[in-house]
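The structure appears below as structure tokens.
None of the figures in this text is laboratory data; all of them are computed from the coordinates on show. Note that the structure is predicted; figures quoted are calculated from it, not measured. Cβ placement follows ideal geometry from the backbone for every residue including glycine, while neighbour counts extend to all protein chains displayed.
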There are 2 protein chains.
Amino acid sequence: MINSIFDDSYFMKQAIKEAEKAYEDDEVPIGAVVVFEQLIIGKGYNQVERLKDPTAHAEMIAITAATNYIGGKYLKGCSLFVTLEPCVMCMGAIKAARFSKLVYAASEPKTGFSLFVEPAYYKKIDLIKGVEQSLSKNLLQDFFLKKRGMQN
Amino acid sequence: MINSIFDDSYFMKQAIKEAEKAYEDDEVPIGAVVVFEQLIIGKGYNQVERLKDPTAHAEMIAITAATNYIGGKYLKGCSLFVTLEPCVMCMGAIKAARFSKLVYAASEPKTGFSLFVEPAYYKKIDLIKGVEQSLSKNLLQDFFLKKRGMQN
């Protein structure tokens, strides 16, 4: 049997493309896509600086885009792919939207949800981490190196 | 010394006014205001149904309004007044926005942040609960009684 090209790695690479848009826009490069039955129904990238809005994370934008697209407030059966471990706010939104699956690339050792949120809260969500994490980490490292270079 | 009329109760009543707008709009009646030095710089009410967006909670709308107003992404020194205990998403947004103080009226015994988020996460935020809680509870009870009546 031939495996579908539409695996977790494929969709994470689409999220990385979103993160690259953030990078180009001088934002911390984080991107997200919402997938339903192998179809991307929402995408977003970090726009906190552009919008001066602390809630404008990639995941929030992708979730709002997806619910606009389907015209409903729940995303049951959908998967969220994001290039960095979500923060507490975004994990709350993922739960509120009733996602079935969350896939993230790199872990966030300071502000990631897994440090602060009880596992009971997200026990119904299929959780996969580490997918294409080196792509995400490299992009983030490049961004912060560039920033640091600009400051010197 | 005469106490200022601009106390926690005053601002919570302004949040209740926002919740009443949600009620009129057939949304679960929850409202929020952002206050900086006795000035309301952002307000919002629950619009999840109207927008079909699970992230359109009163707090999120009030936070985005306030950051738009000040043209900055942080709300240091600001207080958030909300008529119901925030969910995990909203508590994450409150933290991301760097609020100094959170005041809520009624507790939310099923989905409130305090059930799922580690206290260490919000230890820097001055937390006050129970302010005008009966006003908030009555409005919520009226709403759900009305809803139930319509279903029978």
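What aspartates and glutamates could a cross-link reach from residue B:129, if we take a straight Cα to Cα line under 15 Å and drop same-chain neighbours fewer than 8 places away?
Counting by Cα, and skipping residues close in sequence, residue B:129 has these aspartates and glutamates nearby: B:7, B:8, B:85, B:108.
Within the stretch B:27-122, list the GluC sites (Glu not before Pro) lying in a DSSP loop whose Cβ has at most 13 other Cβ atoms in a 10 Å radius. Walk me through the intermediate numbers first.
Working: sites: B:27, B:37, B:49, B:59; in loops: B:27, B:37.
Of the GluC sites (Glu not before Pro), the ones in loops of the stretch B:27-122 whose Cβ has at most 13 other Cβ atoms within 10 Å are B:37.
Which far-off residues, 5 or more places away or on another chain, put their amide H under 5 Å from the one on residue B:129, with H placed in the peptide plane?
HN-HN under 5 Å from residue B:129: B:104.
Work out which trypsin sites (Lys or Arg not before Pro) in chain A are exposed loop sites (DSSP not H, G, I, E or B, at most 15 other Cβ within 10 Å) and give the longest gap free of them.
Working: sites that count: A:76, A:98, A:110, A:123, A:124.
Longest stretch, sites excluded: A:1-75.
Helix by helix through chain A, keep the DSSP H runs that span 15 Å or more along the axis on Cα and average at least 0.0 on Kyte-Doolittle, and give those back in order. Could the numbers behind the result be given before it?
Details: long enough: A:8-24 (24 Å, -1.06); A:58-70 (18 Å, 0.99); A:133-151 (27 Å, -0.68).
Long hydrophobic helices here: A:58-70.
Taking the dipole about the Cα centre of the protein assembly as shown, with the C-beta of Lys and Arg at +1 and of Asp and Glu at -1, give me whichever of B:97, B:122, B:60 is farthest to the positive side.
Among B:97, B:122, B:60, the one farthest towards the positive end of the dipole of the protein assembly as shown is B:122.
Only Lys, Arg, Asp and Glu count, each charged at its Cβ (+1, +1, -1, -1), so figure out the dipole size of the stretch B:92-152 about its Cα centre, rounded to 20 debye. Let's see the in-between values first.
Values: 11 positive and 5 negative charges, 22 e Å.
The dipole of the stretch B:92-152 has a size of about 100 debye.
Bin width 10 Å, alpha-carbon pairs only: give the P(r) of chain A as whole percents, running from 0 to the bin holding the largest distance.
Each 10 Å bin holds this share of Cα pairs: 12, 43, 34, 9, 1, 0.
Starting from the amide H of residue A:41, placed 1.01 Å from N in the peptide plane, find each other amide H under 5 Å away whose residue is 5 or more places distant or on another chain.
A:34, A:35, A:36
Rounding to the nearest 20 debye, state how big the charge dipole of the stretch B:19-149 is about its Cα centre with +1 on each Lys and Arg Cβ and -1 on each Asp and Glu Cβ. It would help to have the intermediate numbers written out before the result.
On the way: 17 positive and 15 negative charges, 76 e Å.
With Lys and Arg at +1 and Asp and Glu at -1, about 360 debye.
What 222 nm value per residue comes from the helices of chain A, counting each DSSP H run with n ≥ 4 as -39,500 (n - 2.57) and dividing by all residues, nearest 500 deg cm²/dmol? Please report the intermediate quantities before stating the final value.
Numbers: 5 runs with 62 residues, N = 152.
Helices in chain A give a 222 nm mean residue ellipticity of -13000 deg cm²/dmol.
Which of the pairs B:21/B:110; A:146/B:52; A:21/B:110; A:43/B:73 have their Cα atoms more than 28 Å apart in this structure? Display every interim value, and only then the final one.
On the way: B:21/B:110 24 Å; A:146/B:52 39 Å; A:21/B:110 38 Å; A:43/B:73 22 Å.
A:146/B:52; A:21/B:110, as the Cα separations exceed 28 Å there.
To the nearest 20 Debye, how big is the dipole of the stretch A:1-57 about its Cα centre, given +1 on the beta carbon of each Lys and Arg and -1 on that of each Asp and Glu? Intermediate values should be presented prior to the final figure.
Values: 6 positive and 11 negative charges, 20 e Å.
Around 100 debye, computed over the stretch A:1-57.
Can you pull the mean other chain C-beta count within 10 Å for peptide A:111-121? List each step's numbers first, then the result.
Working: counts 4, 0, 4, 0, 3, 11, 8, 5, 1, 2, 6.
Rounded to a whole number, the mean comes out at 4.
Among A:53, A:126, A:25, whose mean-square fluctuation peaks in a Gaussian network model of chain A (Cα, cutoff 10 Å)?
Per the Cα network of chain A with a 10 Å cutoff, A:53 tops the list.
How big is D for the protein assembly as shown, in µm² s⁻¹ as a whole number, if Stokes-Einstein is applied with the Kirkwood radius of its Cα pairs at 4 °C and 1.567 mPa s?
The diffusion coefficient I find is 65 µm²/s.
With just the Cα atoms defining each centre, how far is the stretch B:94-128 from the stretch A:81-152? Give it in Å.
Using only Cα atoms to place each centre, the spacing works out to 21 Å.
Work out the mean other chain Cβ neighbour count within 10 Å for the residues of B:66-74 and drop it here as an integer.
Working: counts 1, 7, 3, 0, 1, 1, 3, 8, 2.
Mean inter-chain Cβ contacts per residue within 10 Å come to 3.
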